[in-house]
Amino acid sequence: MADHLIQTNHLSKVYGAGETAVHALEDVSLDVGAGEFFAIMGPSGCGKSTLLNMLGRWTSRLRVKCGLPVRIWPI
């Protein structure tokens, strides 16, 4: 198993299309290794929740399709 628990490359999310399109995430790369802690910080509306939502859906899909262990640590 790789040392990367979370790894994204050039992740983007756009809501809508054309002139009204909102770029919630644009070209986000993230690499979190085993045993590392990280924080996602920024002003309101910068895409923090969008990123976490996308990562949550991604890990759930992998867990179901590949049987990867997912641990949820209490706060």
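Structure values in brief
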{"read-out": "Counted charge near ASP3, where neighbours are those whose Cβ lies closer than 11 Å (Asp, Glu -1; Lys, Arg +1)", "value": "-2"}
{"read-out": "Directionally averaged shadow of segment 1-45, computed from the convex hull of its alpha-carbon atoms, nm²", "value": "4.3"}
{"read-out": "Spin-label pair PHE38/LEU55, simplified geometry with 7 Å Cα→Cβ offset, distance in nm", "value": "0.6"}
{"read-out": "Extended-chain gain in nm, criterion 0.36 nm per residue less alpha-carbon gap, LYS48 and VAL22", "value": "7.9 nm"}
{"read-out": "Accessible surface, 1.4 Å probe, highest first, among residues MET54, MET41", "value": "MET41, MET54"}
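The values are calculated or read from the model by the stated rules, or taken from the named source; none is laboratory data. Predicted, not measured: the structure shown is a model, and the values here were computed from it. Don't worry about glycine lacking a Cβ; one is built from the backbone with ideal geometry, like all the others, and counts go over all protein chains shown. Ligands, DNA and RNA are stripped out before the accessible areas are found, and what is left, the full protein with its side chains, is counted by its heavy atoms. Shrake-Rupley method; radii C 1.70, N 1.55, O 1.52, S 1.80 Å.
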